[in-house]
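Enquirer: Below is the structure I would like to discuss, written out as structure tokens.
What follows is calculated from the coordinates using simple rules that are stated; it is not laboratory data. On a predicted model such as this, the values are computed, not experimentally measured, just so you know. Note: ideal-geometry Cβ built from the backbone for every residue, glycine included; neighbour counts use all protein chains shown.
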Amino acid sequence: MSKAVYPGTFDPVTYGHLDVIRRGAQLFDSLVVSVAGSSVKSALFSVEERVTMMKLLTADLPNVTVASFDGLVIQHVRDLDSRIILRGIRTVGDFEYELQMALTNRNLDHSIETIFVMSSEKYSFVRSSTIKEAVRLGGDVVDMVPPLVADALKKKLRK
């Protein structure tokens with residue numbers, strides 16, 4: 001049985017993330033979407049909020065589960081008894097960053113592989129930071145995030 005782990009901050013979850021999740025769910029018997037807890041990035045939403053949103057947005061995918069983690073991704077992947085990290089790539093810039101991360105992870109554990117999935121074209125411009133800035137300035141982001149996420153963003157950013 002193949003099990004992959006799709007780690008990320010998902011702050012907030014976007015249609016681009018959901019696209020990678022749906023496609024990953026077709027590629028693997030089991031996909032664990034893992035929400036990163038502590039990170040260099042300061043998150044707008046708590047880990048609990050991000051996990052809750054992700055669970056609601058993936059509830060229709062029977063082979064997808066949602067978890068959270070702190071620490072090294074490769075240790076989390078090992079803890080889940082997996083050997084595959086799934087990552088989405090939108091741009092050449094993403095590829096450069098993700099390649100560095102994949103090579104670092106391989107150096108730390110040769111048994112773990114990273115598999116890249118190219119973003120669908122219509123989501124190649126979607127970035128969580130841009131979405132947050134758009135909402136902060138009063139923009140409508142319903143084409144980039146699900147309504148549940150758009151509402152949560154408005155509540156957090158338009159105070």
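Enquirer: Place a point 7 Å from Cα of Asp143 in the direction of its Cβ. Which residues in region 84-105 have their backbone N less than 12 Å from it?
Expert: None, by backbone N distance to the label point.
Enquirer: With 19 Å as the cut-off, how large is the P(r) tail for region 6-71, expressed as percent of Cα-Cα pairs? Walk me through the numbers before you get to the answer.
Expert: Details: 519 of 2145 pairs.
Distances greater than 19 Å cover 24 percent of the Cα pairs.
Enquirer: Quick one: P(r) of region 3-121 from all Cα-Cα pairs, 5 Å bins, percents rounded to integers, in order of increasing distance.
Expert: Bin by bin from 0 Å, the calculated values are 2, 11, 23, 25, 24, 12, 3, 0.
Enquirer: Based on the mean of other Cβ atoms within 10 Å per residue, sort peptides 122-130, 15-23, 48-56, 28-36 so the most packed one is first.
Expert: Ranking the peptides 122-130, 15-23, 48-56, 28-36 by packing returns 28-36, 15-23, 48-56, 122-130.
Enquirer: Same structure again: Per residue of region 28-36, in order, report the coupling 6.51 cos²θ - 1.76 cosθ + 1.60 (Karplus, θ = phi - 60°) as ³J(HN,Hα) in whole Hz, putting x for Gly and Pro.
Expert: For region 28-36, the Karplus-derived couplings read 10, 5, 9, 10, 9, 8, 10, 8, 6 Hz, x marking Gly and Pro.
Enquirer: Rounding to the nearest 10 and keeping the result within 0 to 90°, find how far the Cα-based axis of helix 15-27 lies from the longest principal axis of the chain.
Expert: 30
Enquirer: For the peptides 74-86, 107-119, what is the packing order when you average, over each peptide's residues, the other Cβ atoms within 10 Å and list the highest mean first?
Expert: The most tightly packed comes first, giving 74-86, 107-119.
Enquirer: Let me ask something else about it. Any chance you could give the angle, 0 to 90 degrees and rounded to 10, that helix 92-108 forms with the longest Cα principal axis of the chain?
Expert: It works out to around 40 degrees.
Enquirer: May I pose another question? Report, in debye and to the nearest 20, how large the dipole of region 1-55 comes out about its Cα centre when Lys and Arg carry +1 and Asp and Glu carry -1 on their Cβ.
Expert: Its charge dipole is roughly 100 debye.
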